[in-house]
């Protein structure tokens, strides 16, 4: 009987062990896959609908340019002529053929091609602008996600430290060395950190899910494998403005609009000029066969296309005014962003050089003093809160730096993915540990 029970227990245990996945597999399923910024950006850019629509527009414009380069097709007319004698003695039916071809003249053919070519340049510039806008949006989300992940790390380290302090205070209360009021205070502090940590984790999860939705292929719980650097490229405002005016896709699109408007004016003027049409015809009757060739000339006596020319000139003035307005607005935006970048960089350096080291030193002293019983709990909690505030402010400063960087990239003032030109200060976590340097520390 005992042997039978042991046999049954052995079978049950063996079955459960076979069906249960290994512990490493469970851990791998629970841990979100780490991805680099380049992988996330490439996943979104590879199949984004707006980019695909812009690419289709380029293909359509190129097809229109091919059509504009072709000569007009001739017009072929086929028929039959029934001829009969007056007395009705003979009735014959003979075929007729006519070929008509309108000859395009240079003053109308060349401007038509120029309009189509300018349209191709415009939609290509629009494609570049769409790609830049999508890339800038993705990079802004990457900055927000990296900052949110680091905020979670800071709060998690703060929670771990406060929980250790809570255990220490609880032990002292049990031994009669501390008051119950101190245990309640540290419990409240733990709950407050838990709430902030839950909100930060939810924000990070939402940002990751947004990027996953935009890509259509990334897992919704992925994690970025980099941290925000503490410096960004720095240049003078005139240099950035000059580069933005030369490379901004919106300006390229509007320059193409001006070229297209100029070609449209030339085309409208060419339409009022005389146009030629040639015609070849062959016919036959009862006694004769005839062939004829003629050239026709359309004379613009009443319709000189004055309305079309005036409309084309007005559109040209509109395109030129839009280009000038965009240039001024772009220069102002780049200059403003450059000044804000310089101010944010100075603030970040000040935090890293003075406030953060001082808050870290005060935290170390407070941690040691609490363990030795030489400091009140309120002073310990105030010191920890002060360090957390300074660490979050330093993180916010780095976040603002990279958001301003993406703003300048979206304006065309900075090339996409340029590395930091200033030395990077390695950030510290709330527990005081310095993370290892990584080649992906600076947002690529």
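Read the figures in this text as sums done on the coordinates, not as results from a lab. All of these numbers come straight from a predicted model, not from anything done at the bench. Heads up, the Cβs are rebuilt from the backbone with ideal geometry, glycines too, and the neighbour counts pull from every protein chain shown.
Averaging the Cα positions of each part gives two centres, and for the range 205-275 and the range 332-402 these lie 36 Å apart.
Provide the gained length on full extension for the span residue 239 to residue 349, in nm with one decimal, where the gain is 0.36 nm per separating residue minus the Cα-Cα distance.
On the way: separation 110, 0.36 × 110 = 39.60 nm, distance 2.34 nm.
Going from the current span to full extension adds 37.3 nm.
List the relative contact order of the range 96-250 as a percent without decimals, with contacts defined as Cα pairs under 8 Å and 6+ residues apart. Intermediate values should be presented prior to the final figure.
Details: 75 pairs, mean separation 46.0, N = 155.
In percent, rounded to a whole number, it is 30.
Working from label points 7 Å from Cα in the Cα-to-Cβ sense, the residue 340 to residue 198 distance is 3.4 nm.
Residues within the reach of a label modelled at residue 171 (point 7 angstrom out along Cα to beta-carbon, backbone nitrogen below 15 Å), restricted to the range 367-408, are 368-374.
Modelled label positions at residue 375 and residue 325, each set 7 Å beyond Cα in the direction of Cβ, lie 6.0 nm from each other. With the highest mean first, a sort of the peptides 190-198, 327-335, 129-137 on other beta-carbon atoms found within 10 angstrom per residue produces 129-137, 327-335, 190-198.
Sort the range 179-263 into rounded, prolate or oblate with this rule: let a ≥ b ≥ c be the square roots of the eigenvalues of the Cα gyration tensor; rounded if a/c is under 1.5, and if a/c is not under 1.5, prolate when a/b is larger than b/c, oblate otherwise.
On the way: a/c = 4.08, a/b = 2.38, b/c = 1.72.
Since a/c reaches 1.5 and a/b is larger than b/c, the shape of the range 179-263 is classed as prolate.
Take each peptide in 150-156, 51-57, count the other Cβ atoms within 10 Å of every residue, and average; sorted highest first, the result is 150-156, 51-57. Projected label points at residue 70 and residue 190, each 7 Å from Cα along the beta carbon direction, are separated by 7.9 nanometres.
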